[in-house]
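Report on the following structure.
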Amino acid sequence: MSAPKPEKVPPRKPAGPADRFNDSWYRASAKAFPRQPRLKGAARADVGIVGGGFTGLSAAIELARAGFDVTLLEAEDIGYGCSGRSGGQIGTEFSCGIEKVEKLVGREIAELAFQVGEDAKSLIRERVDTYGIECELKLGYLHPITRARSWPDLEHEKKVWESYGYDGVKLLDKATLEERLGSEIYHGALWEPAGGHLHPLSFTRGLAEAARKEGAHIHEQSPVTAIGRGTGKGGENVLTTPSGELHCKYVILAGNAYLGKLVPETHRKIMPVGSYILATEPLGEARARELIRDDDAVADTNNIVDYYRLSGDRRMLFGGRASYSTLAPKDLFAFMRPRMLRVFPQLADAKLDYCWGGNVGITMNRMIDVGRIGKTIYFAHGYSGHGVALSGMCGKLMADAIQGQAGRFDALAKIPHTPFPGGPVRTPLLMLAMLYYRLRDLVG
Ligand SMILES: Cc1cc2nc3c(=O)[nH]c(=O)nc-3n(C[C@H](O)[C@H](O)[C@H](O)COP(=O)(O)OP(=O)(O)OC[C@H]3O[C@@H](n4cnc5c(N)ncnc54)[C@H](O)[C@@H]3O)c2cc1C
C-alpha cells in the first residue's frame with residue numbers, strides 16, 4: 001500500500017509587521033494544550049468560528065454552553081495571534097477613551113459601552129474561577145505620567161471614570177509612586193483596583209479547554225481560505241479550508257489583525273500594527289519587588305505606550321514601541337532594550353532571555369468595531385491594544401446576539417468607523433501618523 005499523500009497547505013503570508021516573532025516566554029512557560037486535529041472533509045455546525053484567540057474562544061464557550069453545535073477553526077495553533085503574545089494587561093474601557101465614545105454616540109450608549117468594559121474585566125475573573133484556569137491572574141494597574149504637567153489629565157480621568165461608576169481609583173503623587181515603582185522618570189500615576197494582568201497564553205489555552213469541555217469542536221492548522229455566503233445546502237454559509245469545509249448557519253469572524261483580506265467589508269477598517277515585548281532573566285523576588293512593589297500592571301499614558309509587569313517567575317516583561325510600517329525591526333533585543341533602560345536603568349546588567357512581537361489590530365478612531373454582514377455573519381475586532389478583557393466580552397456579545405439578545409451588541413455596532421486609506425499611500429500616511437504621535441509624546 002502506498003503512503004498517504006501529504007496534505008497541501010499553502011504557506012501563509014505574514015499577517016503584519018510582527019507576525020514572525022513568536023519565540024515568547026509565554027510559549028516557553030504556558031500550560032500545555034493538546035494539538036487539535038485539522039478539519040478534514042465536510043462537516044456541519046450551527047456556528048462556525050474563524051480564529052482561536054480570546055474573541056473566538058469566548059464565543060465558543062458561551063454558545064456551546066447554550067446547546068449550540070459549535071466548531072472553531074484556527075489557522076495555526078490556539079493563541080497564535082495577539083491573545084497568546086500580548087502583554088496580558090487587563091485595562092479599563094477603550095483605547096480612545098470613554099469621552100470620545102460619548103462624543104460619537106452620546107451618553108446613553110457611552111454608559112452602556114463603559115459597563116461592557118467593566119463586565120469584560122469581571123468576565124475574566126469569572127472564567128478563571130468557573131473553569132479553574134491557572135494563568136497567574138493578579139489585580140492592580142498603574143498608569144504613570146512622564147510629564148508633571150499631565151497631572152490635571154490624571155485628575156480629569158479619575159473624575160470621568162467615577163462619573164461612569166468606577167470607584168476605588170486613586171491618584172498617587174510622585175513620592176508615593178516611587179515607593180511602589182522603582183523608576184524616577186514619572187511624576188505621578190492613577191492606580192485602579194480592578195485592572196491587572198495574567199499569563200495570556202495560559203489563559204487562552206485554558207479558555208480552549210473550557211470550550212472543549214462545553215462541547216465545542218476545535219480544529220487547528222485549519223485556515224479559512226474562502227467564505228461562501230449562503231452557498232451551502234439550505235442557504236447555509238460554507239467555510240473552506242485546504243483540507244475540508246464547514247457548513248454552518250452562523251459565522252463568527254474572530255481573526256482580528258490576523259484575518260488579512262479574507263473579508264472585504266472589514267479588512268480596511270483595521271490595521272495591523274507591530275508591538276513588541278522583552279523578557280529579562282528571572283530577577284529574584286527581592287529585586288523584582290524593588291521594581292514593582294505590589295506586582296501591578298503598568299502602562300504609561302503616552303500615545304506610544306510603554307507597558308510592563310512582572311511575570312510569575314519574576315522576569316520583567318517590558319512591552320512597547322509600535323511599528324506602523326510593514327517593516328519589522330531587524331534586531332528585536334536592540335530595538336527594545338533602550339526603551340526598558342530609560343525606565344529602569346538599574347536593569348542594565350540583566351540578561352535578556354526572550355523578545356517577541358505581535359500585530360495589534362487598530363481602528364481609525366481606536367474604538368472597537370463590531371457588526372454583522374448580512375444576517376448571519378458577525379464580527380468583532382479592532383480593540384486597539386485594549387483587547388485582553390474587551391475581546392472576551394465581544395465574543396460573549398456575539399454569542400448573546402445569536403441567541404436573540406442583541407441589545408448591547410447592536411448598541412456598540414452603532415459606533416461609526418471609517419476605513420484606513422488603501423493603496424500606495426497607506427504605509428507612508430501611517431508612518432507620518434506614528435511620527436506625529438511620537439512628537440506629541442515628546443513635547444506634550
Ligand atoms: C504584542 C502585543 C501586546 C498586547 N498587549 C496587550 C495588553 O497588555 N492589554 C490588552 O488589553 N491588549 C493587548 N494586546 C491586544 C490584545 O492581545 C488583543 O486585542 C486580543 O488578544 C485580540 O484577541 P482576538 O481573539 O480578537 O484576536 P487574536 O488573538 O489575534 O486571534 C485571532 C486568531 O485568528 C486566527 N485567524 C486569522 N485568520 C484566520 C483564518 N482565515 N482562518 C482561521 N484562523 C484565522 C489567527 O491565527 C489568530 O490566532 C496586545 C497585542 C499584542 C500583539
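Each 20 Å bin from zero holds the following percent of Cα-Cα pairs in the chain: 26, 59, 14, 1. The Rg/Rh ratio of segment 71-126, with Rg taken over Cα atoms and Rh as the Kirkwood radius over Cα pairs, comes to 1.10.
Across segment 409-415, rounded Karplus estimates of 3J(HN,Hα) from the backbone phi angles (6.51 cos²θ - 1.76 cosθ + 1.60, θ = phi - 60°) give 4, 5, 5, 5, 5, 6, 5 Hz, Gly and Pro being marked x. DSSP beta bridges confined to the chain are antiparallel in about 70 percent of cases.
With a Förster radius of 25 Å, plug the Cβ-Cβ distance of Ala334 and Ala175 into 1/(1 + (r/R0)^6) and report the FRET value to the nearest 0.05.
For R0 = 25 Å, the calculated efficiency reads 0.15.
Scanning residues 5 or more positions from Tyr276 or on other chains, those with amide H under 5 Å from its amide H are Gly320, with H placed 1.01 Å from N in the peptide plane.
Between Ile270, Pro282, Leu139, the Cα set farthest toward the positive side of the dipole of the chain (charges on each charged residue's Cβ, about the Cα centre) is that of Ile270. For the cross-link pairs Lys269/Lys414; Lys100/Lys414; Lys121/Lys213; Lys375/Lys414; Lys261/Lys375; Lys121/Lys375, the ones whose C-alpha atoms lie over 18 Å apart are Lys121/Lys213; Lys261/Lys375; Lys121/Lys375. Label positions at Glu285 and Arg20, each projected 7 Å from the Cα along the C-beta direction, are separated by 4.3 nm. Here the relative contact order of the chain, from alpha carbon pairs under 8 Å that lie six or more residues apart, stands at 26 percent.
The three principal axes of the C-alpha atoms in segment 291-414 carry coordinate ranges of 57, 36, 24 Å, sorted with the longest axis first. Here the peptides 30-38, 111-119, 243-251 are ranked by packing, the mean other Cβ count within 10 Å, and the order with the highest first is 243-251, 111-119, 30-38.
The string of couplings for segment 32-47 from the Karplus curve (6.51, -1.76, 1.60, θ = phi - 60°) is 5, 9, x, 4, 9, x, 5, 6, 10, x, 8, 9, 9, 8, 5, 10 Hz, one whole number per residue in order, with x for Gly and Pro.
Computed from the alpha carbon atoms alone, the convex hull of segment 214-283 holds 168 Å³ per residue. Charges were assigned to the Cβ only: +1 to each Lys and Arg, -1 to each Asp and Glu. The resulting dipole of the chain about its Cα centre is roughly 1480 debye.
Taking amide H positions as modeled 1.01 Å from N, with prolines and chain starts lacking one, the residues under 5 Å from Gly230 and 5 or more places away or on another chain are Asn237, Val238.
Between Asp410 and Thr240, full extension at 0.36 nm per residue minus the direct alpha carbon distance yields a gain of 58.4 nm. Here r is the Cβ-Cβ distance between Glu184 and Asp349 and R0 is 25 Å; the resulting FRET efficiency, rounded to 0.05, is 0.85. Couplings 3J(HN,Hα) for segment 157-173, derived from phi with the Karplus relation 6.51 cos²θ - 1.76 cosθ + 1.60 (θ = phi - 60°), are 4, 4, 4, 4, 4, 5, 5, 9, x, 8, 9, x, 6, 10, 9, 10, 6 Hz, where x marks Gly and Pro.
Among Gln403, Leu246, Phe344, whose Cα projects farthest towards the positive end of the dipole of the chain, with charges put on the beta-carbon of Lys, Arg (+1) and Asp, Glu (-1)? So the residue furthest toward the plus end is Leu246. The alpha-carbon of Lys174 sits under 18 angstrom from the alpha-carbons of these lysines, leaving out residues fewer than 8 places away in its chain: Lys158.
Laboratory data are not the source of any read-out in this text; all were calculated from the coordinates shown. In this text the structure is predicted, and so the values were computed from the model without any measurement. Here Cβ is always computed from backbone atoms with ideal geometry, including for glycine, and neighbour counts include all displayed protein chains.
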